[in-house]
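Novice: Quick one: the structure is below, questions incoming.
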Amino acid sequence: MTVQASGPVPSRRLVDGVLAGDRRALARLISRAEAGEEECRPALADIHRHTGRAHIVGVTGVPGSGKSTLVRACASAMRAVGRTLGVVAVDPSSPFSGGAILGDRIRMGALAGDPGVFIRSMASRGALGGLAHAALDAVDLMDAAGFDTVLIETVGVGQDEVDIVRAADTTVVVSAPGLGDDIQAIKAGVLEIADIHVVSKSDRPDANRTFAELKQMLLLAQVPPERHIPVVATSAESGEGIDALLAEIDSHSSFLASDGRLARRRRRNAAARAVKIAEEMVRRRYAAGDSTAMAAIVDRMCARELDPHGAARALLATLDEVAP
Amino acid sequence: MADQPAIRVLIAKVGLDGHDRGVKIVARCLRDAGMDVIYTGLHKTPEDVVRAAVDEDVDVLGISLLSGAHMTIFPRVIALLEEAGASDIMLVGGGVMPDEDATALRAMGVAELLLQDTPPDAIVAAIRRLVAERGPR
Ligand SMILES: Nc1nc2c(ncn2[C@@H]2O[C@H](COP(=O)(O)OP(=O)(O)OP(=O)(O)O)[C@@H](O)[C@H]2O)c(=O)[nH]1
Ligand SMILES: [Mg+2]
């Protein structure tokens, strides 16, 4: 009974299940997307046609800033007002083994068995074909499965992670006291992508300083933002600020809903996502490095018949020859 | 395409006993063997654990029990997996139990029992073997 007799179910047969909210189908398709299996591409294309309904919230910040604890608190608060949500939690892989210990802080308390919540952990180790790619496929799948909100948690330190939160409708950047020079530690450019700032662990006495530093930084911003960027102090211990954060998320959502802003943001995100996938396709195509066409081009470059740019153009011209 | 996706394992403590040092060590060994490990913490119910195993789409669900409740908890987990249409998730048990219980649990469909003092290497090897035997899904 532990072995499926009939072999793998074709991905396209899982699509209807996902659209009907079947967790098993949803979970399987996320795995296949993460594995980068070509077989599931047509299914994901079907799924994509059913996306765009969920509000997508990205949560990022330095390691240990309290993101998972915050996601859990937000998830509980959203459930309390009857909203369903999906969570994609990306955790770092071990640089030595590629393995990972995942998502241990979100699935706690009442959330554990609640059918209105779907929590999926993902290791940052290169999902084959790119982390951003796999995480955003998972977001699509949860969106199509009908969850009202999809939260994505990533550490804001690598470019892939930053690309993921940039794909959100609303981006929350979490800072916390006591992590050393915390404001500096995060990848340059991450603080600037925040629609909402959170200072977590506000129960700690040194939280005030982090709060003041952030306010100061926002005042000194080079380009005045299109909208006032709120800073919310939260404590997952006392529950302080969680309702205020949800209110800010909603307020940002209404802001987006006016003047076509949501459509503009999603258009920008769509372009970034398509370009990113194209880059991956190109990289994968050349990664092998042993195609005869490629070898001929490199030979010509080594013989000084082609300059590096000319060689690159020649390589690009070979792209259409075989489907990737 | 490139290499195989990592084996996914969910490790849970079900029931009342409050020791998780052992399972945390196992979790780290599996990670160091390149697996993705979801550890759900203490005091989970069979419902919580099966829900998490389904959503996370794990290959293996490992449940460790020291409380002596294995003859009620494992059958319950097997039933819940079946109910969820997830009987292809392989159930592995850890902890302590008498031999005759182990035999009975295997007959019920527990894929493997790695009882107390199984060395980490043997746990890694057993999980790899189970996943290889199952094949693609
Ligand atoms: N005092 C206090 N501690 C907190 C709070 N929120 C989180 N912590 C603690 O901060 C540590 C990190 O919390 P996580 O939620 O795991 O942080 P994270 O940002 O998800 O961490 P990574 O995913 O590892 O980057 C844990 O020890 C938490 O208990 C809070 O509101 N107050
Ligand atoms: Mg976390």
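The values are calculated or read from the model by the stated rules, or taken from the named source; none is laboratory data. Remember, predicted model here, so these are calculated numbers, not experimental data. Cβ placement follows ideal geometry from the backbone for every residue including glycine, while neighbour counts extend to all protein chains displayed. Protein only, heavy atoms only, side chains kept; ligands, DNA and RNA dropped before computing areas. Shrake-Rupley method; radii C 1.70, N 1.55, O 1.52, S 1.80 Å.
Novice: Considering Cα pairs under 8 angstrom that are at least six residues apart, work out the relative contact order of region A:1-50 and quote it in whole percent.
Specialist: This gives 39 percent for region A:1-50.
Novice: Using just the helices of chain B, give the 222 nm mean residue ellipticity in deg cm²/dmol: DSSP H runs with n ≥ 4 each add -39,500 (n - 2.57), and the total is spread over all residues, rounded to 500.
Specialist: Helices in chain B give a 222 nm mean residue ellipticity of -14000 deg cm²/dmol.
Novice: Please say if the protein assembly as shown is rounded, prolate or oblate, where rounded means a/c under 1.5 for a ≥ b ≥ c the square roots of the C-alpha gyration tensor eigenvalues, and otherwise the choice is prolate for a/b larger than b/c and oblate otherwise?
Specialist: Oblate is the answer for the protein assembly as shown, as a/c is 1.5 or above yet b/c matches or exceeds a/b.
Novice: If you don't mind, another one. Give the shape of region A:52-259 as rounded, prolate or oblate, defined through the alpha-carbon gyration tensor: a ≥ b ≥ c are the square roots of its eigenvalues, a/c under 1.5 means rounded, and otherwise the shape is prolate if a/b is larger than b/c and oblate if not.
Specialist: Since a/c stays below 1.5, the shape of region A:52-259 is classed as rounded.
Novice: What residue among A:SER291, A:SER65, A:SER11 shows peak mean-square fluctuation when chain A is described by a Gaussian network model with Cα springs under 10 Å?
Specialist: Maximum among the listed residues: A:SER291.
Novice: A further question follows. If you take each beta carbon of peptide A:7-15 and count the beta carbons of other chains within 10 angstrom, what is the mean?
Specialist: 1
Novice: Still on this structure, I have one more. Rank these by accessible area, largest first, 1.4 Å probe: A:ASP137, A:ASP148.
Specialist: A:ASP148, A:ASP137
Novice: Compute, for chain A, the length of the dipole vector about the Cα centre, with Cβ point charges of +1 (Lys, Arg) and -1 (Asp, Glu) only. Units Debye, rounded to 20.
Specialist: Numbers: 38 positive and 41 negative charges, 87 e Å.
Charge dipole of chain A: 420 debye, to the nearest 20.
Novice: Let me ask another. Using amide H atoms built in the peptide plane, which far-off residues or other-chain residues are under 5 Å from A:LEU102 H to H?
Specialist: When sequence neighbours closer than 5 places are left aside, the close amide H contacts are B:VAL37, B:ILE38, B:TYR39.
Novice: Moving on to the next point. How shielded is B:76-89 by partner chains, expressed as the average number of their Cβ atoms within 10 Å of its Cβ atoms?
Specialist: Averaged over the peptide's residues, the number is 2.
Novice: I need the calculated FRET efficiency for the pair A:LEU316 and B:LYS24, taking r as the beta carbon distance and R₀ as 56 Å, to the nearest 0.05. Mind showing how you got there, number by number?
Specialist: Working: r = 50 Å, r/R0 = 0.89.
Using R0 = 56 Å, I get an efficiency of 0.65.
Novice: Also, I was wondering about something else. As an exercise, use a Förster radius of 22 Å and the Cβ-Cβ distance of A:ARG83 and A:SER251 to find the FRET efficiency, rounded to the nearest 0.05.
Specialist: It comes to 0.90.
Novice: Rounded to the nearest 500, what is the 222 nm mean residue ellipticity of chain A from helices alone, with -39500 (n - 2.57) per DSSP H run of 4+ residues and division by all residues?
Specialist: Value at 222 nm, helices only, nearest 500: -14000 deg cm²/dmol.
Novice: To continue, here is another question. Restricting attention to region A:251-315, which GluC sites (Glu not before Pro) occupy a DSSP loop and are surrounded by at most 11 other Cβ atoms within 10 Å?
Specialist: When the GluC sites (Glu not before Pro) of region A:251-315 are filtered for loop state and at most 11 Cβ neighbours within 10 Å, A:GLU305 remain.
Novice: Also, I was wondering about something else. Roughly what would the spin-label model give for B:VAL96 and A:ALA270, points 7 Å off Cα along C-beta, in nm?
Specialist: Computed distance between label sites B:VAL96 and A:ALA270 equals 6.2 nm.
Novice: Identify, among A:VAL18, A:ILE47, A:ALA33, the residue whose Cα sits farthest towards the positive end of the charge dipole of region A:1-50, taking +1 on the Cβ of Lys and Arg and -1 on the Cβ of Asp and Glu, with the dipole about the Cα centre.
Specialist: Of the listed residues, the answer is A:VAL18.
Novice: Quick check for you: which residues of region B:70-100 have the amide N under 12 Å from the point 7 Å beyond the Cα of B:ALA107 toward its beta carbon?
Specialist: Only B:100 fall inside the zone, counting backbone N under 12 Å.
Novice: Another question, if that's okay. Sort A:228-238, B:31-41, B:100-110 by the packing proxy (mean of other Cβ within 10 Å over each peptide's residues), most packed first.
Specialist: Per-residue mean Cβ counts within 10 Å order the peptides as B:31-41, A:228-238, B:100-110.
Novice: Tell me whether chain B comes out rounded, prolate or oblate; compute the Cα gyration tensor, take square roots of the eigenvalues as a ≥ b ≥ c, and use a/c under 1.5 as the rounded threshold.
Specialist: Rounded, because the longest to shortest axis ratio a/c is under 1.5.
Novice: Now for a different question. Amide H to amide H under 5 Å from A:ASP203: which residues, 5+ apart in sequence or cross-chain, H placed 1.01 Å off N in plane?
Specialist: So A:ASP203 has HN proximity to no qualifying residue.
Novice: Let me ask something else about it. Determine the relative contact order of chain A: mean sequence separation of Cα pairs under 8 Å and six or more apart, normalised by residue count, in whole percent.
Specialist: Normalised by residue count, the contact order of chain A is 17 percent.
Novice: Here's a follow-up. Applying 1/(1 + (r/R0)^6) with R0 = 22 Å to the Cβ-Cβ distance of B:ASP121 and B:THR72, what FRET efficiency is obtained, to the nearest 0.05?
Specialist: It comes to 0.10.
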